[in-house]
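Heads up: the structure comes next, in structure tokens.
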Amino acid sequence: RFDVTVKGVVFSASVPVTLNFESHRLVPEAVGVALSSFPSRQRLTRSIRVRSSLGRSGIRWTASSNQPWLNVTSSGETGDLLILNASPAGVAPNTSHIALVTLTSTEPTIPRSETVRVALWVSNTDPGDLMSAPLPRDMPYRVITNPVEPLAYSLSERTRIPVLNVYTGAVVN
């Protein structure tokens, strides 16, 4: 019930109130991770912290990968690190490989699992050097990169949005 007085007159109203309770979830600090391997450098391991959406510590979680090339920490508690470690052996070169890591908890207040998307790019050659030059008038004026896969989307005055592989320079789509 709400009551308000305006110039000495009391106005009253009864309205239904709905409580919007946020569900309790596992919250990985990244939901997408990019890994890569080249002759001169590699990034095959990443660590991401798993937290509780309600700030609770000690909530047990388990993790599993759906791809054999990606090993993950099998279990932990909120506040611990989920370690992702890719093995490039036997992985086809020059193609994107995607794995999904599923985080689950037996805590009854956590109703659903969470997913971390992991991309791996393996190549037998190093990516080319980045070169800068003035862009012609009809060239892209916006370039947006994918944070997980090695893709860049370029936007120009044309209606097409070319998708380029950032490692090879090839037009993907």
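The values are calculated or read from the model by the stated rules, or taken from the named source; none is laboratory data. Quick caveat: nothing in here was measured; it's all calculated off a predicted structure. Cβ atoms come from the backbone with ideal geometry, glycine included; neighbour counts cover every protein chain shown. Calculation scope for accessible area: heavy atoms of the full protein, side chains included, ligands and nucleic acids excluded. Shrake-Rupley method; radii C 1.70, N 1.55, O 1.52, S 1.80 Å.
Key figures for this structure:
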{"read-out": "Leading residue by the ranking (nearest to Val122 (Cα to Cα)) among those in segment 1-23 that are open to solvent by 100 Å² or more (accessible area, probe 1.4 Å) and outside any loop (DSSP other than H, G, I, E, B)", "value": "Phe2"}
{"read-out": "Val91, sole failed condition from (1) open to solvent by less than 40 Å² (accessible area, probe 1.4 Å); (2) of a type in the set (A, V, I, L, M, F, W, C); (3) within 13 Å of Ser36 (Cα to Cα); (4) assigned to a strand (DSSP E or B)", "value": "(4)"}
{"read-out": "Among residues of segment 24-71, those that are assigned to a strand (DSSP E or B) and either without any contact (Cβ under 8 Å) to a residue 24 or more places away in the chain or aromatic (Phe, Trp, Tyr) (or both), counted", "value": "3"}
{"read-out": "Single residue of segment 72-88 satisfying the filter (among the polar types (S, T, N, Q), open to solvent by 20 Å² or more (accessible area, probe 1.4 Å) and assigned to a loop (DSSP other than H, G, I, E, B)) that is farthest from Ala119 (Cα to Cα)", "value": "Ser74"}
{"read-out": "Filter result for the condition that a residue is of a type in the set (Lys, Arg) and at pLDDT 70 or above, over Arg160, Arg137", "value": "Arg160"}
{"read-out": "In segment 52-67, the residues that are open to solvent by 50 Å² or more (accessible area, probe 1.4 Å) and either over 20 Å from the mean Cα position of the chain (by Cα) or β-branched (Val, Ile, Thr) (or both)", "value": "Leu54, Gly55, Arg56, Ser57, Arg60, Thr62"}
